[in-house]
Each structure stands twice: as structure tokens, then as C-alpha cells.
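Below is one structure, written out as C-alpha cells; comments come after it.
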Amino acid sequence: MKIGVCYYPEHWPESRWQQDAQHMKSMGLSMVRIGEFAWSKLEPESGNYQFDWLERSIDTLQNAGLDVILGTPTATPPAWLIRQHPEMLAVDEHGRVRDFGSRRHYCFSSEPYRKECKRIVEKLAERFGNHPAVVAWQTDNEFGCHSTTISYSNAALTAFQTWCSRHYNGIEALNHAWGNVFWSMEYSSFDQIGLPVGTVTESNPAHRLAYWKFSSEQVKTFNRLQVDILRTHSPNRDIVHNFMGNFVEFDHFDVADDLDVASWDNYPLGFLTRDGTNEADQETWLRTGHPDSSSFHHDLYRACGKGRMWLMEQQPGPVNWAPYNPAPLPGMVRLWGWEAIAHGAELVSYFRYRQAPSAQEQMHSALCLPNGEEDDAAREVKILAKEIQQLINTPHESSSADLAIVFDYTGDQAARIQQPDGQHYDPLVFIQTIYSVVRQLGMQVDFISSAAAASGKQLDQYKLVMLANNTLSDQALAAKLASIDALIVMFPRTGSKTNECAIPEPLPPGAFQSILDIKVTRVESLPANIAMQTNKQNTIINWRERVESSIVANETFDDGWGFHYQNNRVHYFNGCPNRDTLLTLLTQQLANAELDPINLGRGLRLTQRGDLVWAFNYGPGDAELSNHILERFGFQPSNGFLIGQEKLHIGDVAAWKSS
């Protein structure tokens, strides 16, 4: 349970560094991330390495008792490098070069740029790899930010053609897999394959999914290039990358396989307009963030990191990049920090120490104002640091979850590629809503990748397993689900596509028919203003499927379509329930799985790890920890509260040891 901050010594006079470092230490901070955007200062000209200032800044932080996370600077290649290799720049879907002047101005497929990255990372690792203050490395910064995962450059085209030649046993195999006989899209050689962009109408969905897989793999190999260097020259240090929220443009499980820790950057108020929250909820959670947005990502990235998760950037106040940027309510900065720790974060690091007075992020708040004075967040972080000291000797155990959600990044992408004009069906928003409902019902949640679920024993420990974005028909996963005792809940579109984004021959849900005798024969997407009700008054929105089965549906619509098919412990919901219906349906399923659901209401959330329990109140009003809630989560009156009390104002936190 450590607190850190992001610091940019290159932005401030060197005479200020010692004062800043001492102030960080006095606030209770112990780790500092530096260097991730400093390439132009580290190498102002090709081969002219200026590392001494960085070493002095690291020494200054060390002398104040602070550890350092050193970032590789590859997210911001300098101007001189762009002029040497203009071909390294990414190209957008309209054929426009994404030029120098901000950040992330590179294409993952550029071999000249990869060589330059290898060189600068190797030089940094040789110089600082064994520095006693450097306890961890961060590779690059926010892979894919600003829609930079996918590039349509010539370098990407050449690399994709090579990728295709490796993944398919000859061009005829590719033609068959992609269904290229349709519209005479067949190729006679791999070098004829273009990019799935700029076509007259929709490009081939198999082509698009293949290009997404390729682009995701390019992120992985780019990251691994740096990881291999760092492991060679800086052994026994943690290697991390800071992923983002509400972001599925590449497979994070795949990239995180090469890391020691999955970290991520949390901006609850900035995300509010980007996580599918409706206008009414945006107003309700304007200054707190959605009650389940942060925890969703904490749990997801803990899974990506195989149990290890850091928070590399935590929002301290108003940001600068959302459509509107309100200030958090008093107490929320402290609450967000405790919530991250409750979900397994080993580090909570704030962005940033001191607000930049110039350039693109000058309107982005920090712990301190541009003149160095403390801002509101600094005072809350100091309170958090003192409270952590009270719990520092409390065992930090693993998750207490009995419920798992299988998460598949490729399945998410496959669902986006073709969903006949289902503009209001977003697979990430849907799975976030499911997560939010079970959290409202008092559940602890683990995520698990579809690959891990299919190949290992991870699913054996759970009482309930849910599939919500597993669009691909997966025989291995279906077989694993058949072998466990858990109650299984599948949602629409499960198993509806092959790995090549085609309809499986046995019809959806494909391989999952082996555990439930159903066959989807028709689907429809619904406008935002249309909702359909079953004979049990359950409401379906966005997406609905017609099912043929020997099983009698639990409910029906007026037009005769069935809803909710069940065979003993396996359930399939063949439509997207709205939130109220999800609350009803999942309350029943949790009870069936003997998980004792308890409705906490709109903004009260409880998190348990081992024998520690935290309560967080997001509002919109005061919350009371009733005797029923306290008993359900093992509160012992004789032990009392470690933090807080029964009554929680908005932004308050309580914690106790369960029996």
C-alpha cells in the first residue's frame, strides 16, 4: 500500500528539485514516476546523450527517501528523429499523416522507429538499470491513446501482408477463411492484400478482424522489444505499462503477459462522458464519477497483471480533455485512493505533482498549483497516507470473489465489426453494466481472460461464471464450462462468430451449444427509443435474438419469441436487459448460486479483500451502513471501525475487519 506521484524534473529549475522531493516525502509519498516524455532532453540531437540531469534528479529523489519508476521516452519521439525518419509517422483512416506536435506520433509497424527505440531504451537501461533508486520501469506511455493502435501507413501494410502470410497456409487458405469469393474479393498473392479502409462500402469483416489482431500483436511485440532490454540490463525490477480506462483497441491480457505488473490511469470524472453513462447519471455522478467505473478497471487490470495491479495516474482534480471538466467533491480524491487499494492496488500514484503552467495540459490540475502551493488534492492525499500507516501491517490478501466474468478483447472487437446497424449496442458498455449491477448487489468480482478460463483451473473456484463479450465460438472454453460445477450465465451474441468473423456452421451460440441446446436463427437490433417487454415484465433493449430449442423459454414476448433459456445450471439470456431488468434477473441468479445478494442502492459500494472490508459512498446522498449490511460483511461491534463510521456522507470511506 504505497502512494506515489508523477513528476517532471525537466519542467522545473534544478534549484527546485530538492524542495519538491522533500515536500513529496513529507506528504507521505514514497514512489515517483519520471522520464516518460523526456526524449528531447535526454537526446537533443542524434547520438548526443544528455543523461546527467536525469541522474541528478534521480539522486535528488533518492536522497529524500523516494523510489523511482523510470519511464522509457518512446511515446514522444523528438523533432530531429521525425525529420530523419518521416516514414515512422502513423497514417489515419483518411490517409492523413499524423504529424509531430503532440505525442504518440509513431506507427507501431515502423522498423526504423523500432530500431531507434531499441537504441534509446538500451542506453537508458545501461546507465540507470542498476541505480538503487530505480525500483521499476514503465514502458512507453498509454499504448493506443488518441486512437493510435491502428495505423494505415505503408509500413503497416507491408507488415500486415507478412503477418497474413505467416497466419494462413497459402493465399487460397486466406481466401477461404475470409470468404473472399463474395463480391470477387479473392487474392492471388499476399502482396495484393490491402488495408481494410477507404472501401466504397463496408470492408470484409474477416479482413477487419484480422487487421485488428495484427495491430494488437504489433503493440505486444513493440512492448516486448523494450521489456527484453530492460530485463537484460536492469534485473529484479518490476516492469509495468500504464493502460487506460474504457479502452479495448488491443488485447491487454496479451500485452501484459510480458509485464510484472499491469498499471492503469484512472480519471473518474473525465471518463464519465466516455463510459456509456446516460445524461441523468452523468448529472448524478458529475463530481464523484460513476460508482462502478473505477472498480471495474481495477478488477480488470488486476486480472491482466495476474494478480498485480498499480494505479499509475490518479485524477487529483479537474482534467483538461473531457467535454466538460468539473472539480471532484471534497473527499473523493481520498476515496478513489482507498478504493484502488481495496481492489488490490499495490501503488496509487497521482498525476501529477505540480500543475504545468504551459503547453497542452496547463488546465490539468495536480497535487500542487503551478506556483508550487498545495492544491486541494494534496491535503486529501496526506490524510490517505496517514490512514494507510494505520493499516500497513494488515495482511493484504487476494480477492474474496465467488463470481467471475470472462473477458475477451477479441470478442469485444468482433461484436463491434458487424452488428447490423446496432448503433446503441456497445459490448464494453454492456459488460460494464452487468458488472455495475452485481457490484450494487454486494458482490466481489474477478475477471479472467477467455484463454486462461479455457486452459487452466481458474474457473473451478467460482460459484457463478458469466460470459458477456465472448462473441467467438470457443470449443475449449465450452468444454471447460461443461466440466465445472458453477452456475453459468451467458448473454446474447455469445459464440455468434468464428475466429474469422463468420457465422458458425451450427449457428450461434456455436460451440456453446454443447452445454445448452439452443440455436439462434434470427437477430435484430433496436432503436434507442424502443424497448420490448416479456410476459414477466422484463425489459429488453438494443438487441434481441430468436431461438429454436427443445427447451421451453422461461418468458416470451408478444410476438412469440422466447426469452431466457435454461438447462439446469446453464442460462442464456437472448436479449440485452436494461439495468432494472438486469437487477431483477441477476438477483435471482446470484441467489441460485448461493451468493447472498444484498441491494446496496445506487452509490454505496462494499469491497472485501481477505478479512478487510471497505465501504465507499458515491452518493447522491448520505448512506447508512445498516445492521443487515454490517452483519452480511462480518462487522464485529466489539472491534469497531478501522476507518470511518456507520453514517457515510458523500465521499466518505469506512473500513473494518470482518469476522
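The values are calculated or read from the model by the stated rules, or taken from the named source; none is laboratory data. These numbers were taken from a predicted model, which means no experiment stands behind them. We place every Cβ from the backbone using ideal geometry, glycine too, and count neighbours over all the protein chains shown.
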* To do: Consider Arg522 carefully, then state whether it is of a type in the set (D, E, K, R), at pLDDT 95 or above and within 29 Å of Asp299 (Cβ to Cβ).
  => no
* Structure fact -> (1) buried (at least 17 other Cβ atoms within 10 Å of the Cβ); (2) under 21 Å from His241 (Cα atoms) all hold for Asn130 apart from (1)
* Scope the stretch 166-223; condition surrounded by 16 or more Cβ atoms within 10 Å (Cβ to Cβ), of a type in the set (Gly, Ala, Ser) and not in a loop (DSSP other than H, G, I, E, B); matching residues -> Ala177, Ala206, Ala210, Ser215, Ser216
* To do: Kindly indicate whether Glu500 is charged (D, E, K, R) and in contact with a helix residue (DSSP H, G or I) (Cβ under 9 Å, 6 or more places away or on another chain).
  => yes
* Asked: Quick one: would you say Thr148 is under 27 Å from His94 (Cβ atoms), buried (at least 16 other Cβ atoms within 10 Å of the Cβ) and among the β-branched types (Val, Ile, Thr)?
  -> yes
* Failed condition for Tyr409, given (1) outside the structural domain of Pro291 (by TED's automatic domain parsing); (2) of a type in the set (Ser, Thr, Tyr); (3) over 24 Å from Leu272 (Cα atoms), with all others met? -> (3)
* Structure fact -> Those residues of the stretch 95-116 which are assigned to a loop (DSSP other than H, G, I, E, B) and either among the polar types (S, T, N, Q) or touching a residue at least 60 places away in the same chain (Cβ under 8 Å) (or both) amount to Gly95, Ser102, Arg103, Phe108, Ser109, Ser110
* Which residues, taken from the stretch 415-447, are part of a loop (DSSP other than H, G, I, E, B) and under 17 Å from Arg544 (Cα atoms)? -> Gln418, Gln419, Pro420, Asp421, Gly422, Gln423, His424, Tyr425, Asp426
* Given the structure, is Leu459 closer than 21 Å to Ile431 by Cβ, modelled with pLDDT under 95, in contact with a helix residue (DSSP H, G or I) (Cβ under 8 Å, 6 or more places away or on another chain) and not acidic (Asp, Glu)? -> yes
* Some residue of the stretch 469-477 being buried (at least 22 other Cβ atoms within 10 Å of the Cβ) and among the aliphatic types (A, V, I, L, M) -> yes
* Kindly list, by first and then second residue, each pair from a residue in the stretch 508-534 that is part of a loop (DSSP other than H, G, I, E, B) to a residue that is among the polar types (S, T, N, Q), limited to pairs with Cβ atoms under 7 Å and residues at least 6 apart or on different chains. => Pro508/Ser496; Pro509/Thr494; Pro509/Ser496; Leu516/Asn567; Asp517/Ser549; Asp517/Ser550; Asp517/Asn567; Leu526/Asn542
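Between Leu311, Leu367, which is closer than 30 Å to Gly101 by Cα, surrounded by 24 or more Cβ atoms within 10 Å (Cβ to Cβ), modelled with pLDDT of 95 or more and touching a Ser or Thr at 6+ places or on another chain (Cβ under 7 Å)?
Of Leu311, Leu367, the one residue that is closer than 30 Å to Gly101 by Cα, surrounded by 24 or more Cβ atoms within 10 Å (Cβ to Cβ), modelled with pLDDT of 95 or more and touching a Ser or Thr at 6+ places or on another chain (Cβ under 7 Å) is Leu311.
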* Structure fact -> Flagged pairs (Cβ under 6 angstrom, 6 or more apart or on separate chains; first in the stretch 430-449, free of Cβ contacts under 8 Å to residues at least 60 places away in the same chain; second in a loop (DSSP other than H, G, I, E, B) and buried (at least 22 other Cβ atoms within 10 Å of the Cβ)) are Ile431/Ala468; Ile431/Asn469
* Structure fact -> Restricting the stretch 188-215 to residues that are among the hydroxyl-bearing types (Ser, Thr, Tyr) and closer than 28 Å to Thr148 by Cβ, the one nearest to the chain's Cα centre (by Cα) turns out to be Ser215
* To do: Tell me which residues, restricted to the stretch 551-567, are more than 23 Å from Thr471 (Cα to Cα) and polar (S, T, N, Q).
  => Asn554, Thr556
* Any residue in the stretch 597-620 that is over 21 Å from Ser294 (Cα atoms) and over 30 Å from the mean Cα position of the chain (by Cα)? -> no
* Leu347 more than 24 Å from the chain's Cα centre (by Cα), modelled with pLDDT of 95 or more and aliphatic (A, V, I, L, M) -> no
* Selection status of Asp292, within 15 Å of the chain's Cα centre (by Cα), surrounded by fewer than 24 Cβ atoms within 10 Å (Cβ to Cβ) and more than 26 Å from Phe37 (Cβ to Cβ) -> yes
* Right, Arg119: basic (Lys, Arg) and either under 28 Å from Lys213 (Cβ atoms) or assigned to a loop (DSSP other than H, G, I, E, B) (or both) or not? -> no
* Structure fact -> Of the residues in the stretch 264-295, those that are among the polar types (S, T, N, Q), modelled with pLDDT under 95 and in contact with a His (Cβ under 8 Å, 6 or more places away or on another chain) come to Thr277
* **Asn617 being assigned by TED's automatic domain parsing to the domain that holds Phe491 and either over 30 Å from Pro527 (Cβ atoms) or of a type in the set (Lys, Arg) (or both)** => no
